[in-house]
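Each remark here refers to the structure printed beneath this line.
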Amino acid sequence: MKFFMLGLVLGGALAQIEMVDESTVLLEQVKKQVSEENNLDREKRAVSEDDIKDALCKDKNPGEFFRLVAGGQSCRDVVACAENGLQAIRCPPGLAFDLDKQTCEWKNQVKNCNVKARPKLALPLFNTKEPLCEPGYLACGDGQCVKQELFCDENPDCLDGSDENLCGPRTDPNRADDCDPEICRLPDCFCSPTSTKIPGNIDPQEVPQMIVLSFDDAVTTTNFPIYQRLFNGQRKNPNSCDIRSTLFVSHKYTNYSMVEELHRQGHEIATHSITHDNDEDYWTDGSKETWSEEMAGGRTILEKFARLPVGDVLGVRAPLLRLGGNNMFAALEENEFLYDSSMVAPLQNPPLWPYTTYFAIPHACHGNFQKCPTRSYGVWEMIMNEFDPREEPGSDPREQVSGCVMLDSCSEIRTPDSLYNVLTHNFIRHYEQNRAPMGLYMHAAWFSKSPEMLDALEFWIDEILATYNNVFFVTMNDVLKFMQQPFPVRDAVKFQGWKERCSALDTDDRCETSTTCVLQTDKLGGLKQRMSTCGTCPDAYPWLGDPTGSGLVDTPVFDV
Ligand SMILES: [Zn+2]
């Protein structure tokens with residue numbers, strides 16, 4: 001489900017805010033209701049924005065959406081108390097807001113339209129004048145003292161459960177520190193307070209503009225020809241190497257002979273999980289073990305059946321972009337992944353450079369659907385900058401625009417012309433500001449359905465390549481190679497890190513025959529699954545807990 005953000009953050013005085021049509025009504029309701037419920041005397045003084053916020057928020061859970069008006073008529077509208085004011089959301093027509101799930105759902109599935117808010121959770125007592133507990137301990141909502149490290153570890157330890165109820169990026173008592181550039185140094189650590197600084201302090205004019213094309217999901221006989229058309233060996237970067245992309249490959253339905261070929265051609269292969277489970281909560285609430293099995297298991301499958309060199313699968317993208325918070329990042333760190341590319345930064349100018357998650361995340365978490373980590377990890381974040389869905393910059397820089405993440409699910413992009421214009425506008429946005437890497441995130445399936453969009457993308461790529469000698473279409477790992485050892489654009493053409501697997505001619509085709517294995521696993525009810533590989537067929541269909549397809553998972557063999 002998607003939100004339409006109304007851009008309704010109450011920043012300045014209420015009267016000055018330009019509201020989107022119906023939401024004005026919503027705010028009028030807030031004012032009226034709050035004044036009445038709290039007997040604020042409107043004769044004496046105007047109701048201020050802070051009065052409204054305080055009155056509404058005093059009995060609400062921080063960051064949680066609630067209704068101002070109960071009942072089916074207003075079930076699309078909710079607001080939340082955010083740090084900088086109230087935030088309003090209106091679900092698209094046909095949908096309603098589900099308080100329990102905290103997301104828009106089909107109207108007939110929402111059973112709590114008559115409830116205004118979820119009960120307020122017990123909160124820990126962090127901000128008391130005198131500390132209530134010994135050093136190393138913190139106070140639960142009822143005054144009980146509990147070890148600090150037990151707060152926000154996803155297990156309730158306080159009797160009232162309050163140790164798990166205030167765990168945001170700014171409130172988790174065990175959260176990562178804010179960026180300290182003195183401690184955080186390249187090549188292993190990179191941060192800046194707003195994440196807009198260029199690594200190595202290179203002058204923006206001197207930075208090679210990197211563009212990362214990335215594709216998600218299974219590689220199949222349907223989408224393989226699309227990759228072959230886009231990456232036809234004729235499209236060259238200024239260093240004469242082929243333009244390339246990063247593919248986040250999920251296991252089910254993937255043809256590993258084709259993945260092997262794409263890797264040979266120079267593309268980067270990353271993992272997008274084994275199951276690609278479509279239940280959003282599976283990922284959001286996933287344990288560290290789940291994330292390990294899904295991502296490290298996905299990597300094992302790629303290494304074994306696409307025969308990728310060990311150490312070449314470096315990155316991860318969460319299915320449905322549903323982050324799993326600290327559990328997810330702890331699993332990535334433990335399994336030595338180099339980077340994640342699932343976190344979404346709200347549209348902003350200038351856009352963000354990737355950063356390491358050793359320090360606190362330098363942007364607002366996309367709180368509507370992402371559960372960001374709050375603690376410190378040794379993983380790079382290839383941040384997904386939302387792009388500006390407009391075909392050209394607006395005339396009023398204060399205009400609130402909500403960005404898009406995936407190119408193929410951006411409702412503003414309806415025609416090939418609009419795709420071309422949006423790409424051009426956003427390219428300039430990166431190129432003329434801080435040259436942060438520009439990511440284009442998509443699914444090849446989009447181009448099967450809308451071949452005219454592929455034409456527009458190709459036209460745009462060719463135009464960029466013909467116009468600029470300082471723009472490179474590279475992989476995520478290539479971006480990291482640049483960031484760890486930044487260089488001015490005059491050195492880009494000879495940078496060896498970008499010349500590995502320069503074209504398909506550089507690597508021999510080792511695939512003699514591709515075999516289509518017909519396999520099964522008890523974990524999928526014994527249903528037959530097809531899987532193509534240039535290697536040998538395993539005994540069972542590779543799956544969670546058995547990525548090599550040994551078939552031996554449920555009957556462990558013990559040494560006697
Ligand atoms: Zn996906």
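The values are calculated or read from the model by the stated rules, or taken from the named source; none is laboratory data. Computed from a predicted model, the values in this text were never measured in an experiment. Using ideal geometry, Cβ is built from the backbone for each residue, glycine included, and neighbour counts are taken over all protein chains shown.
A few comments on the model shown:
- Scope region 234-262; condition over 30 Å from Lys494 (Cα atoms) and within 16 Å of the ligand (Cβ to nearest atom); matching residues: Val249, Ser250, His251, Lys252, Tyr253, Thr254
- Restricted to strands (runs of 3 or more DSSP E) entirely inside region 443-560, no element has at least 3 residues that are of a type in the set (D, E, K, R).
- For Leu519, the criteria (1) assigned by TED's automatic domain parsing to the domain that holds Val313; (2) hydrophobic (A, V, I, L, M, F, W, C); (3) within 28 Å of Asn255 (Cβ to Cβ) hold in every case but one, which is (1).
Each row is one residue, and each column tells you yes or no for (1) at pLDDT below 95; (2) of a type outside the set (Val, Ile, Thr).
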{"position": "Val474", "(1), (2)": "no, no"}
{"position": "Lys481", "(1), (2)": "no, yes"}
{"position": "Gln485", "(1), (2)": "no, yes"}
{"position": "Val489", "(1), (2)": "no, no"}
{"position": "Phe495", "(1), (2)": "no, yes"}
{"position": "Asp506", "(1), (2)": "yes, yes"}
{"position": "Val518", "(1), (2)": "no, no"}
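Per-residue answers, yes or no, for (1) touching a residue at least 60 places away in the same chain (Cβ under 8 Å); (2) among the small types (Gly, Ala, Ser):
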position	(1), (2)
Leu352	yes, no
Phe387	no, no
Arg390	no, no
Cys404	no, no
Asp408	no, no
Glu412	no, no
Tyr420	no, no
His425	no, no
Ala436	yes, yes
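- Some residue of region 457-472 being aliphatic (A, V, I, L, M), at pLDDT 95 or above and within 16 Å of the ligand (Cβ to nearest atom): no
- Whichever residue in region 200-225 is of a type in the set (Val, Ile, Thr) and more than 16 Å from the ligand (Cβ to nearest atom) and, among such residues, is surrounded by the fewest Cβ atoms within 10 Å (Cβ to Cβ): Thr221
So that you can scan it fast, the table gives a plain yes or no per residue for (1) farther than 18 Å from Phe126 by Cα; (2) modelled with pLDDT under 95; (3) within 16 Å of the ligand (Cβ to nearest atom); (4) surrounded by 13 or more Cβ atoms within 10 Å (Cβ to Cβ):
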{"site": "Asp177", "(1), (2), (3), (4)": "no, no, no, no"}
{"site": "Pro181", "(1), (2), (3), (4)": "yes, yes, no, yes"}
{"site": "Pro193", "(1), (2), (3), (4)": "yes, yes, no, yes"}
{"site": "Thr196", "(1), (2), (3), (4)": "yes, no, no, yes"}
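- Region 295-343, subset of a type in the set (S, T, N, Q) and assigned to a loop (DSSP other than H, G, I, E, B), residue nearest to the ligand (Cβ to nearest atom): Ser342
- Residue within region 525-539 that is in the same structural domain as Thr222 (by TED's automatic domain parsing) and among the basic types (Lys, Arg) present: no
- Scan of region 403-447 for residues that are under 13 Å from Ile211 (Cα atoms), surrounded by fewer than 19 Cβ atoms within 10 Å (Cβ to Cβ) and polar (S, T, N, Q), ordered by number: Thr424
- Residue check, Arg435 in a loop (DSSP other than H, G, I, E, B) and either away from the ligand (no atom under 16 Å from the Cβ) or not assigned by TED's automatic domain parsing to the domain that holds Gln348 (or both): yes
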